[in-house]
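The values are calculated or read from the model by the stated rules, or taken from the named source; none is laboratory data. In this text the structure is predicted, and so the values were computed from the model without any measurement. Quick reminder, even Gly has a Cβ in these numbers, built from the backbone with ideal geometry, and neighbours come from all protein chains shown. We work out accessible area using only protein heavy atoms, side chains counted, and drop any ligands, DNA or RNA first. Shrake-Rupley method; radii C 1.70, N 1.55, O 1.52, S 1.80 Å.
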Amino acid sequence: MLFKSFNMEVIPVKEMLRQIPPVHEIQRNSDIIAIQERLDLTREKIKHWIQLEIDDVRHLILANKLQITRAGDLEQYIINQVKKKCIEWGEDNLKPAINATGTILHTNLGRARLSEEAIDHVVKVAKHYSNLEYNVTKGHRGSRHQIVEEIIKEVTGAEGALVVNNNAASVYLTLRALAKDHEVIVSRGELVEIGGSFRVSSIMSESDANLVEVGTTNKTHEYDYLNAISEQTAMILKVHTSNFKVVGFTEQIKTKKLASIADQNDLIYYEDLGSGALIDFKDQGVGDEPVVKDVLEAGAHLVSFSGDKLLGGPQVGIIAGKKELIDRLKQHQLARVLRVDKMTLAALETTLKSYAKGTQAALYQIPAVRDILRSASEIKEQVQAFMKKSHLYTMFSFDIRNSYATIGGGTMPEEQIESIGVTVQCEVLSPEKLENRLRNHRTPVIGRFLDEQLFLDFRTLDSSDIEQLHQTFSELNQELKVM
Ligand SMILES: *Cc1c(COP(=O)(O)O)cnc(C)c1O
């Protein structure tokens, strides 16, 4: 009910309908003109929106859902609605958010952030022409495949490599190009679904390769693979079960063994690694993710992995391995369909260069790697610095809490990393309302609940995120104080 008040006469419906102002009158309103100019909107667009709003108002009046007591209220109502529409339209749909969930590779929040160096490279090639498909030495057409192939070879030890749109595309292309109308043997324990949208069995049937499941959910033996090999077999596929763990009485066949079975039977041995660690996180005491280089050294003919999971780069799928197989993949029509953009290649090249340098400083340029490896004491300093200013936000109280962060992105599901953050309580909002308010802020702040209180984990916050957090609390504080 709008503009309804008990002590004033409500204007009858017929009269209200008569009071609906014409479009051109709203269009002449100074507020509307101001916002039209600010957002650089055409007259036609504004006119269209005003028309839509007037239609809405007519329906509301006829349905008895809009009642006014004063002439002029109707016009103001329409103007406000149109202004709101303009502002919403002017805002970006895709916008930065503060990930204070403690999940480092949060798939819903965009997975990995890029390094500053990678971002600079993206901006450069976006702004200028580039040698994307031009061989400047020879002065003729080149290939975009060459841009990152050498550096992938350098950091993985592979003979050849190819980059596609994402790792789901890697799996699809590899199966389609190398196993179409043939059988592919996979252990039952590895028929995973990832993120609710990537299912090995579905990708397999899309690619027209025939899935041959072997073993059981918890155990697959060498003889299971051997018994399944037939005239029709083209490939053995091992899928890294990255988002769940079967613990206890389990058995999986090691890469070396499967590679030798494949070699002896003239088959392709392909491992879908999912995350694709380029450094050994185990050495740093985190998880037991296989390292790409080790898997290739152990004999895998092909591996594939995502660019925006542990690797910490842009969304891509990287396929690496034997040159002869990579060449066949490059020549397939689908490689053209699944090719990546120049900005993606720029981000990937620079991210991989940080790995090629290999120093701690270079690796810490990559936010995902830094956020996984940085020490709890470093995070504690950030939290303490935040707390020093937190008394300014008088409507809130904060407490330092130890907690655990997780890697996310379906990677190392068991792994808990020590972390630190703050619980936030608000004078006038329940924890649920506070969570909602922060989530709906201009720059959304996404936290999680810990013991029924809103908790903000600082492991994934950099200094600009913390600056933004101060800004957000300062704004919210003002808003809540005047309420
Ligand atoms: C994440 C994942 C994929 C899908 O990779 P995207 O880059 O998200 O397309 C495929 N296989 C495994 C094992 C994964 O973990």
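Listed values, structure above:
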| read-out | value |
| --- | --- |
| Tally of residues being surrounded by fewer than 18 Cβ atoms within 10 Å (Cβ to Cβ), within 16 Å of the ligand (Cβ to nearest atom) and either in a strand (DSSP E or B) or at pLDDT 60 or above (or both) across region 235-260 | 0 |
| Extreme residue, nearest to residue 329 (Cα to Cα), among residues of region 148-167 that are among the small types (Gly, Ala, Ser) and part of a loop (DSSP other than H, G, I, E, B) | 158 |
| Residue within region 168-180 that is in contact with an Asp or Glu (Cβ under 6 Å, 6 or more places away or on another chain), of a type in the set (Val, Ile, Thr) and closer than 17 Å to residue 262 by Cα present | no |
| All positions within region 316-342 that are outside any loop (DSSP other than H, G, I, E, B) and either within 10 Å of the ligand (Cβ to nearest atom) or modelled with pLDDT under 95 (or both) | 317, 318 |
| Qualifying positions in region 121-136 - assigned to a helix (DSSP H, G or I) and touching a residue at least 12 places away in the same chain (Cβ under 8 Å) | 121, 122, 124, 125, 126 |
| Verdict on residue 313 being within 15 Å of the ligand (Cβ to nearest atom) and either more than 27 Å from the chain's Cα centre (by Cα) or assigned to a loop (DSSP other than H, G, I, E, B) (or both) | yes |
| Scope region 294-310; condition within 16 Å of the ligand (Cβ to nearest atom) and over 26 Å from residue 115 (Cα atoms); matching residues | 295, 300, 302 |
| Positions within region 415-471 being of a type in the set (Phe, Trp, Tyr) and more than 21 Å from residue 392 (Cα to Cα), in sequence order | 449 |
| Selection count where residues are open to solvent by 10 Å² or more (accessible area, probe 1.4 Å) and either in a strand (DSSP E or B) or within 12 Å of the ligand (Cβ to nearest atom) (or both), scope region 188-213 | 14 |
| Positions within region 389-440 being away from the ligand (no atom under 16 Å from the Cβ), within 24 Å of residue 378 (Cα to Cα), in a strand (DSSP E or B) and not hydroxyl-bearing (Ser, Thr, Tyr), in sequence order | 398, 399, 400, 401, 402, 405, 417, 418, 420, 421, 422, 424 |
| The lone exception for residue 400 - which of (1) buried (at least 18 other Cβ atoms within 10 Å of the Cβ); (2) within 26 Å of residue 286 (Cβ to Cβ); (3) of a type in the set (Val, Ile, Thr) it fails | (1) |
| Any hit, region 152-174, residues being assigned by TED's automatic domain parsing to the domain that holds residue 340, buried (at least 23 other Cβ atoms within 10 Å of the Cβ) and farther than 21 Å from residue 322 by Cα | no |
| Residue tally, condition away from the ligand (no atom under 12 Å from the Cβ), more than 30 Å from residue 232 (Cβ to Cβ) and touching a residue at least 40 places away in the same chain (Cβ under 8 Å), over region 263-287 | 6 |
| Residue in region 108-131 that is surrounded by fewer than 11 Cβ atoms within 10 Å (Cβ to Cβ) and among the aromatic types (Phe, Trp, Tyr) present | yes |
| Answer from 294, 266, 288 - the residue that is open to solvent by 20 Å² or more (accessible area, probe 1.4 Å), over 24 Å from residue 165 (Cβ atoms) and not in a loop (DSSP other than H, G, I, E, B) | 294 |
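Conditions (1) buried (at least 17 other Cβ atoms within 10 Å of the Cβ); (2) more than 16 Å from residue 144 (Cα to Cα), marked per residue:
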site	(1), (2)
307	yes, yes
312	yes, yes
318	yes, no
330	yes, no
335	yes, no
338	yes, no
353	yes, yes
359	no, yes
